[in-house]
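Right, one structure below, let's go through it.
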Amino acid sequence: MATLRSKDRAVLEPFAEVDPAKSAGLPPSAPLTIRSLDVSSASDSKTLVYVGTGGGKIVLLSVDPSSPSSSSPSPTLATGNGRDSPASIASSAEGVEFLRLASVGSRVVESILVLSEIGRILVLSGGSLFIVDSVLSQPVRKIGVVKDVTAVAKRIPCSEGSGLDFMGDGASKGEILSSGKKLLMKLGVGIKANGSGPPSSEPPREGRTSCFVAAAVAKKLVLIELMLSGSVDNDSDNNGVSVLSKEIQGIDGAKAMAWLGDSIIVGTLEGYTLFSVVTGKCTPIFTLPESSGPPRLKPLWRSKDVLLLVDNVGIVVNSSGQPVGGSFVFRQPPDSVADMSSYVVVTGNAGIEIHRRKTGACVQSVSLAKHGSGSLIVANDDQGSGEVVVIATPYKVICFRKVSAEEQIKSLLRKKKFTEAICLVEELESDGEMTKDMLSFVHAQVGFLLLFDLRFEDAVNHFLLSETMQPSEIFPFIMRDPNRWSQLVPRNRYWGLHPPPAPLEEVIDNGLMAIQRAMFLKKAGVDTTVDEDFLLNPPSRADLLESAIRNIIRYLHVCRNKVLLPPIKEGVDTLLMYLYRSLDLVDDMEKLASSQNSCIVEELEALLDDSGHLRTLAFLYASKEMSSKALAIWCVLARNYAKGLWKNSTPSSEGDSLDISLGSTSGQKIAAAEASKILQESSDQDLILEHLGWIADIDQELAVAVLTSEKRINQLLPEKVLAAIDSEKAELRQRYLQWLIEDQDCEDSQYHTLYAVSLAKSVMEAVYMDSRNEDKNYRDIDEMDNSSVEARNSHNHLVREKLQLFLQASDLYDPEEVLDVIEESELWLEKAILYRKMGQENIVLQILALKLEDSEAAEQYCAEIGRDDAYIQLLDLYLDPQNGKEPMFTAAVRLLHNHGESLDPLQVLEKLSPDMPLQLASDTILRMLRARVHHHREGQIVHNLSRAINLDARLTRLEERSRHVQLNDESICDSCRARLGTKLFVMYPDDSVVCYRCYRNQGDSSSSSANGGRRSLKKGIIFKPGWLVSR
Amino acid sequence: MAGAGNKIRNAKLVLLGDVGTGKSSLVLRFVKGQFVEFQESTIGAAFFSQTLAVNDETVKFEIWDTAGQERYHSLAPMYYRGAAAAVVVYDITNAASFTRAKKWVQELQAQGNPNTIMALAGNKADLLDARQVSAEEAQTYAQENGLFFMETSAKTAINVNDIFYEIAKRLLQGQPAAQNPQGMTLNQRPTERLVNASSCCS
Ligand SMILES: Nc1nc2c(ncn2[C@@H]2O[C@H](COP(=O)(O)OP(=O)(O)O)[C@@H](O)[C@H]2O)c(=O)[nH]1
Ligand SMILES: [Mg+2]
């Protein structure tokens, strides 16, 4: 992850510098050294700075942070190789005003605390505490209750802490007062008032405000409540402040202190201890390692924590002494610390460090080495905004102000430090100083800057990271204004750091010019902000343009998946197509065009047509349901392919239309397939029939698919379709008719006849072709490869089979019409079927018996007819075939053998011709007669066998009836389980006994077996072995 | 997510052990899933937080990764005081670090909260060739002192999530949901609780 180096940052910028001695008008003979500092912001434009000196003086300065910086963002301040950088502030007292000088004696002013609650300043000097009003207008008063003070701390009210939340932030002043009293009362014994008697005897006066401070004195702590008295003269000793105090013994050697709510954190040479003002208990926090210097700590007002220092490490603990977050690691042991909203500012030997509160990372460092050695003191108004940070060197006061987040980012962007800028935004966002929208805003701004820097990939990466940027903001870069979408483009200029949008070509031309200029300047030794890479390897215009387009495509592509307003969606898709086209990305164009899209056809039509992207255009038309335009294109394309591709296609065998080699005509095929796809959905009959022809020419299957599609809403009219199908295209016609009849269950006899006739014609043609081929010399056939001969044969065979099946299956066609077609042919089976439909039994028999010589089929047919005279007819045909054909005696004999019994011998004898050889005739007659006798005897046997079974059955019945059963009192009905007693009962053959009632209810169809199963006597007849007559 | 049974329990966890045993590396692995060969030495303490789901409960670890330098030893109690769990880390390739780890355990037993769950992690388990502390020895020691022990490797991630998961499990076992509705710091185990309860009611 890129990190923001401290040298890139300028969280603080100096705006004023002042020598307090000079500004106070002190003569150079009486120099003063700065020993302590505090800051209080009186208003937005006025911040008071209290400077405590080594000689017991307090200088009050007023600074105006809104004044223009004397050396606006000092560039040397924030630079340097990651190391500290010297701050150079033009020595200027502008914006700084000297207000007053006061004296607290001659001893060092060790610490100044602004008590903003009561509008007073507390000063620690020479072990005594002094109090003075905030503008030093009145005399300084000493607080007499304490002396030899080593450290002083102001109480920071905490809402959390013990149950005694006595000084919550939101508490009213009265509450603060009373709870404060409670605190002091709680803390101890006698409340000692300074001056006029014990305050407990005085009722608390309304509207009084107070604050608490703790002072460390020798072996004890003194807790002091400072209260504004109503009138100045009442406690004139203390500037109108009355003082309550309470001593706590046993805390020794405090060098530094912080008071958070109920806890006072005390730093001694040994370490840090937490003293609870509620329980009075002391808990060690940690001890200081050897030779680590005196304890230093800084209460952090905002978070109600305290920063404890050990060496160069800062540890934050809360009011219960628990650590909070990780440690700060400073570059040098800090002398002084200030708390800014999300930063901690520390000063060390010669410089300032600014660290993030959240991560502890150092974000800026400023060297003040040129101001000489000596410790630096830092202070700000941590109860206010804290954005004015004052640093004091021993002799100078330098005022810094916080650079606004926006300015920090802008300044980085101006320097083209884009990564750093983004880093900063992310950091500010995680610190809660910046909104997510702002992050998006900056990403977009950075993107535009990069775009004008010709770094298109990076630019788009940033665009994609911006959640607020609108895709339409990119439109003016693609299509010159004004255009269809101009009105939609938000006029968002961001921070105005980049030129207004212009078409990419222009952006690139300008960028290239800038690069050239920069190269020229560089030769002349002038620094520029142009990318080093570009200076070293100047990019070509074409490369840049391609990169620009590819990246914008990438951007639009992502945008497609967002929820967009319809007009924006249209813009995105149309411009995407526009860009694809400019790079001739045919696949992408076609993919976009053929998928769900929002392209505006009118914007693209002419363009695509001109550049010959006809397929794309056709897809586009189709996706917009402009079918006829799409079809027109496919039709033209198919024609063009046909012309263009014949040349380089490998010639397939001439005249073999069924075997189209795929490769040679794939373009055509695709055109036809696409057209077919459109037509399959379409209900526009005219359109369909208009395009059917060329599609069928290319691929009959596709044409069939069009005609037989079930996707369309309104079906086509068969008569129109049939009229439109080219008479040459018999197969198409047949396939359509077949679909009508078989799939659509069409029962119109007209179409049945048409279908039959068409099939019959095809068969006739095939037969004719065959016969011609056979007539022809065999050389031709040899030349044809075997497979194609086979293919054709099998095709012919299939058609014939189809015809036969249909003729058999349908009763709706007109057989005579079909017969007309095949009259002349040898299609005997077909004819037989047809005659049969017409009921011409004799002709059918003739065909079957004589033409096809299929005596089995003939006999079968006789059986179907079902009359005995049919057999006689057949026999007649066999014996007298006529047309000079020899009688078919074998067949006749077979017939007599098989069906002799159903033939009348007399009739047979009559039929026998006198020409019949006697041997055959006698054989025939003998067989017939024998068959009859045999048949008779067989009958007798069956009769006798049946009688035997009957007898057997009767015997068994008798046995059954003579069976005995013994019943006693316990005997029950197997069905209803009732006692039988003397009731009438029934016994089944399986020995189960039921009462008569059950028998009646169940009829005699079932018995009740012991295991509850019931068996129907009728269904599962139980045969006892004896019943069966074995043959 | 915010089901009644899915409260987030905060648990303060501290890592203790000699410098260079891999405490920071273990945390980095657990929190960010990363490992760096040249981990900067920790100064003071680093803070991380990471949540871990155990069954239908979530434990939010507040992890203090301490420095381990002798100079800042005095800071350690601040971190382990009130910790729900402590992971004492040694380096299996460094016998001295194991001795140091035992010292830490002793200190925790003497100064720390008796309810703190203690884990012993023998880190750098990927460096088997350089092993100086056997797993058996450490295991025996851990058993005798009521710690649970795992050999880990921040580098290969072996057992890193496991050790934290195990801690979370033990924390939750010791702290049934009903008794901790506010999601406060987990630092008590039920056995002790019973003892405490009887003494506080008497
Ligand atoms: N091989 C190996 N090296 C490790 C492992 N864990 C830490 N290290 C390395 O040991 C060194 C010290 O690690 P660090 O995390 O700083 O230890 P810490 O002082 O305890 O925080 C670093 O160089 C790490 O890369 C580990 O599991 N295997
Ligand atoms: Mg570490």
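Of everything listed in (1) more than 12 Å from ligand 1 (Cβ to nearest atom); (2) part of a strand (DSSP E or B); (3) in contact with a strand residue (DSSP E or B) (Cβ under 6 Å, 6 or more places away or on another chain), the single unmet condition for B:Ala53 is (3). Selection of the range B:77-96 for residues being crowded, with 18+ Cβ neighbours inside 10 Å and within 15 Å of ligand 1 (Cβ to nearest atom) yields B:Tyr79, B:Ala86, B:Val87, B:Val88, B:Val89, B:Tyr90, B:Asp91, B:Ile92, B:Thr93, B:Asn94. Is it fair to say A:Gln516 is over 23 Å from A:Val563 (Cα atoms), at pLDDT below 90, of a type outside the set (D, E, K, R) and surrounded by fewer than 16 Cβ atoms within 10 Å (Cβ to Cβ)? Considered against the rule, which asks whether it is over 23 Å from A:Val563 (Cα atoms), at pLDDT below 90, of a type outside the set (D, E, K, R) and surrounded by fewer than 16 Cβ atoms within 10 Å (Cβ to Cβ), A:Gln516 comes out as yes.
Take the residues in the range A:259-288 that are in contact with a helix residue (DSSP H, G or I) (Cβ under 7 Å, 6 or more places away or on another chain) and among the β-branched types (Val, Ile, Thr), then tell me which one is nearest to the other protein chains (Cβ to nearest Cβ). That would be A:Thr287.
Elements of the type strands (runs of 3 or more DSSP E) sitting completely within the range B:81-174 and holding at least 1 residues that are at negative phi, aromatic (Phe, Trp, Tyr) and more than 16 Å from ligand 2 (Cβ to nearest atom): these cover B:148-151. Pick from the range B:53-65 the residues that are away from chain A (no Cβ under 14 Å) and either within 14 Å of the chain's Cα centre (by Cα) or at pLDDT 95 or above (or both): which of them is nearest to A:Pro333 (Cα to Cα)? The residue in question is B:Phe61.
Does B:Leu15 satisfy the criteria of being crowded, with 22+ Cβ neighbours inside 10 Å, more than 10 Å from chain A (Cβ to nearest Cβ), under 24 Å from A:Pro284 (Cβ atoms) and within 11 Å of ligand 2 (Cβ to nearest atom)? Taking the combined requirement at face value, the residue satisfies it. Within the range B:56-67, the residues that satisfy the criterion of being within 16 Å of ligand 1 (Cβ to nearest atom) and part of a strand (DSSP E or B) are B:Ile63, B:Trp64, B:Asp65, B:Thr66.
A search for C-beta distances below 6 Å between a residue of the range B:47-75 that is closer than 23 Å to A:Glu270 by Cβ and away from ligand 2 (no atom under 16 Å from the Cβ) and any residue that is assigned to a strand (DSSP E or B) and not aliphatic (A, V, I, L, M), counting only pairs 6+ apart in sequence or on different chains, returns B:Ser74/A:Phe286; B:Ser74/A:Thr287. Checking the structure you have, find out if any residue of the range B:67-81 is out of contact with any Leu (no Cβ under 9 Å at 6 or more places or on another chain), more than 21 Å from A:Phe286 (Cα to Cα), basic (Lys, Arg) and within 14 Å of chain A (Cβ to nearest Cβ). The answer is no, given that none of the residues of the range B:67-81 is out of contact with any Leu (no Cβ under 9 Å at 6 or more places or on another chain), more than 21 Å from A:Phe286 (Cα to Cα), basic (Lys, Arg) and within 14 Å of chain A (Cβ to nearest Cβ).
Looking across the range B:125-153, the residues that are near ligand 1 (Cβ under 10 Å from one of its atoms) and either within 14 Å of chain A (Cβ to nearest Cβ) or under 16 Å from the mean Cα position of the chain (by Cα) (or both) come down to B:Glu151, B:Thr152, B:Ser153.
Here A:Ile251 fits the description: touching a strand residue (DSSP E or B) at 6+ places or on another chain (Cβ under 6 Å), more than 14 Å from every other protein chain (Cβ to nearest Cβ), among the aliphatic types (A, V, I, L, M) and at negative phi.
Scanning the range A:740-753 for residues that are under 57 Å from the mean Cα position of the chain (by Cα), surrounded by 16 or more Cβ atoms within 10 Å (Cβ to Cβ) and in a helix (DSSP H, G or I) turns up A:Leu740, A:Ile741, A:Tyr751, A:His752. The single condition among (1) under 26 Å from B:Glu70 (Cα atoms); (2) surrounded by fewer than 17 Cβ atoms within 10 Å (Cβ to Cβ) that B:Leu147 does not meet is (2). Checked against (1) over 13 Å from the mean Cα position of the chain (by Cα); (2) away from every other protein chain (no Cβ under 14 Å), B:Gln111 passes all but condition (2). The residues of the range A:835-856 that are of a type in the set (Val, Ile, Thr) and crowded, with 20+ Cβ neighbours inside 10 Å, listed by number, are A:Val844, A:Ile847.
If the condition is being away from every other protein chain (no Cβ under 11 Å) and either touching a helix residue (DSSP H, G or I) at 6+ places or on another chain (Cβ under 8 Å) or of a type in the set (Ser, Thr, Tyr) (or both), then the range B:35-47 contributes B:Phe35, B:Val36, B:Gln39. Within the range B:21-38, the set of residues being within 12 Å of ligand 2 (Cβ to nearest atom) and within 16 Å of B:Trp64 (Cα to Cα) comprises B:Thr21, B:Gly22, B:Lys23, B:Ser24, B:Ser25, B:Leu26, B:Val27, B:Leu28.
From the list B:Ser74, B:Ser24, pick out the single residue that is within 10 Å of ligand 1 (Cβ to nearest atom) and assigned to a helix (DSSP H, G or I). Just a single option satisfies the conditions, and that option is B:Ser24.
The values are calculated or read from the model by the stated rules, or taken from the named source; none is laboratory data. All of these numbers come straight from a predicted model, not from anything done at the bench. Here the Cβ is made from the backbone with ideal geometry for all residues, glycine too, and neighbour counts use every protein chain on show.
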